[in-house]
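Here's the structure we're looking at; comments come further down.
The values are calculated or read from the model by the stated rules, or taken from the named source; none is laboratory data. A quick note: this is a predicted structure, and the numbers were derived from the prediction, not measured. Neighbour counts are summed over all protein chains in view; Cβ atoms, including those assigned to glycine, are modelled from backbone coordinates with ideal geometry.
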Amino acid sequence: MVIIQASHVGYDPETEAFGSYCRLQTTDNKKTAACGKIDDVLQWYQDEYRFAQNNIYLGQDGKGASRTLEQPEIIEMLMQQSTGNPDQIDLEAAIQQMIDARKVKIAL
C-alpha cells in the first residue's frame, strides 16, 4: 500500500482551484495536474502492477486451495490442455435449427 499526501497539486489563484500546476520551466508555462514528482515516484509501482496484471494469476484449485501462477506456469498449463472442446457449440446446426423452428424461445 502506498499513501500519498497532496504534494504540489498546484493551485490557480485566478480560478481558485487546486489541481493546476504551472510549469515555469516550459516555454509556454504549460499547466498540468501535478509537479511531476508524484508521477515519477508512482511510475515504478504502476509498472509493477501492470506486470502483475499481465503475468500473475491468482485462483483456487478444485479443492479450494489458493494458487499463484506466474507466466511460465500459466503457459505450461495451457499447453497441457486438450485442444478438443467437449462444450463446443455447432453454430451451423444451431442457426439451422432456429431457421427451421417456427418460434424460438430465448430465456435470460
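One table, with the values for the structure above:
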| item | result |
| --- | --- |
| Pair list, Cβ < 7 Å and 6+ apart or interchain, from segment 37-62 residues that are under 18 Å from I74 (Cα atoms) to residues that are not aliphatic (A, V, I, L, M) and not in a helix (DSSP H, G or I) | N55/E70; I56/T68; I56/E70; L58/T68; G59/R67; Q60/S66; Q60/R67; D61/R67 |
| Complete set of residues in segment 27-67 that are modelled with pLDDT of 80 or more, surrounded by 10 or more Cβ atoms within 10 Å (Cβ to Cβ) and charged (D, E, K, R) | D47, E48, R50 |
| Flag if L24 is hydrophobic (A, V, I, L, M, F, W, C), assigned to a loop (DSSP other than H, G, I, E, B) and out of contact with any Leu (no Cβ under 7 Å at 6 or more places or on another chain) | yes |
| Those residues of segment 76-93 which are outside any loop (DSSP other than H, G, I, E, B) and either under 29 Å from the mean Cα position of the chain (by Cα) or among the acidic types (D, E) (or both), in sequence order | E76, M77, L78, M79, Q80, E92 |
| Which listed residue is at negative phi, free of Cβ contacts under 8 Å to residues at least 12 places away in the same chain and surrounded by 10 or more Cβ atoms within 10 Å (Cβ to Cβ), from E70, E76 | E76 |
